[in-house]
Each structure stands twice: as structure tokens, then as C-alpha cells.
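None of the figures in this text is laboratory data; all of them are computed from the coordinates on show. All values derive from a computational prediction rather than experimental measurement. Cβ: placed from backbone, ideal geometry, glycine included. Neighbour counts: every protein chain shown.
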Amino acid sequence: MSEISVLLEKMSEQRRKTQDRVREVTEEQMLAKAHYGDREVNARFFFYRLVTHQVEHTVHLTKTLQALNIAQSEAELILKNLQAASGELEGILVGLSDEDLDKIPREGDWSVRKVLEHILEGEESYGRQIEEATNGITS
């Protein structure tokens, strides 16, 4: 396994730990008093700092890669967008209960479970088709 793969796996594992740690936080708990250095803040502050920290260093990393003249290929740019969409999708699911998976808003609509199964099947199918289309083509 490459070093970048190890780091990506660590990032995924940390995201899972963070979600497990904070997914059950209530609105009341968001107002719990805490300290950030010598400032009095609430728990909400740390949620927003978590997001801001990620954004800040995403920009930092983008700037670093540009300075190093490291550009992503078209396939890598597409995968970057897939990762962003996957993160958005996972974020939407945080906090849903098992009971929410099979609720249908209106007759004829898909449940959350059906949408997710469709997404998973599509990713598997398109991934396989990409692999088959590019099999034997070397750069």
C-alpha cells in the first residue's frame, strides 16, 4: 500500500471516529460552555472550527500543489468531484435512524435505502465499465 493510500485511509478512519463521537449531540449540548485558550465558547464553536479548519487547509494544500507544479489529470479531477459528492452524500445521512431508511415521502417516490442502493449499484457498474473500457490501454 502506498504512503498516500495509508494517509487517505487514516483520514477516512478519523472522519468515522469524529462522526461517531459527535453524531448524537443535541441542540442543547451545542450550547454547552467550553474554553478555547482563555476564551469562553460553546460546543457549537468547535463544530464550526472543525469545518473551517478543513477548508483552510484544503486551500493551503491546493496552493502547495500549485507551487510544486503538481496538476491532477482529468480522471483525478473527476475522482476529486466524486469524493466531494460522496462526502456531501455521507453528510446528509449523518443522524438518520434505521427507521428513516424505508420511509417513502409520497407514493411512487424512492426510500432513502432505495436511493442509496441505486447509487451503490451505479458506482459498481460505472467503475466496472471504466475498467473494461480502459483494460489493456497503457499510458
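Here the contact order of the chain, divided by its residue count and restricted to Cα pairs under 8 Å and six or more residues apart, works out to 12 percent.
Counted by Cβ distance under 15 Å from LYS80, the other residues give a net charge of -3, where Lys and Arg count +1 and Asp and Glu count -1. One Cα centroid belongs to the stretch 6-20, the other to the stretch 46-99; the line between them spans 13 Å.
Charge tally for GLU56 (other residues, Cβ to Cβ under 13 Å; Lys, Arg +1; Asp, Glu -1): +2.
Kindly count the pairs of lysines across the chain whose alpha carbons are less than 26 Å apart, treating pairs on different chains or eight or more residues apart as eligible. Step by step, the pairs that qualify in the chain add up to 7.
For ALA133 and SER12, the FRET efficiency from 1/(1 + (r/R0)^6), where r spans their Cβ atoms and R0 equals 35 Å, is about 0.80. Which FRET efficiency, nearest 0.05, do MET30 and ASP100 yield, Cβ-Cβ r, R0 30 Å? Given R0 = 30 Å and the Cβ-Cβ separation, E is 0.90. Net charge in the neighbourhood of ILE119 (other residues with Cβ under 13 Å of its Cβ; Lys, Arg +1, Asp, Glu -1) is -4.
A convex hull fitted to the Cα coordinates of the chain yields 180 cubic angstrom per residue.
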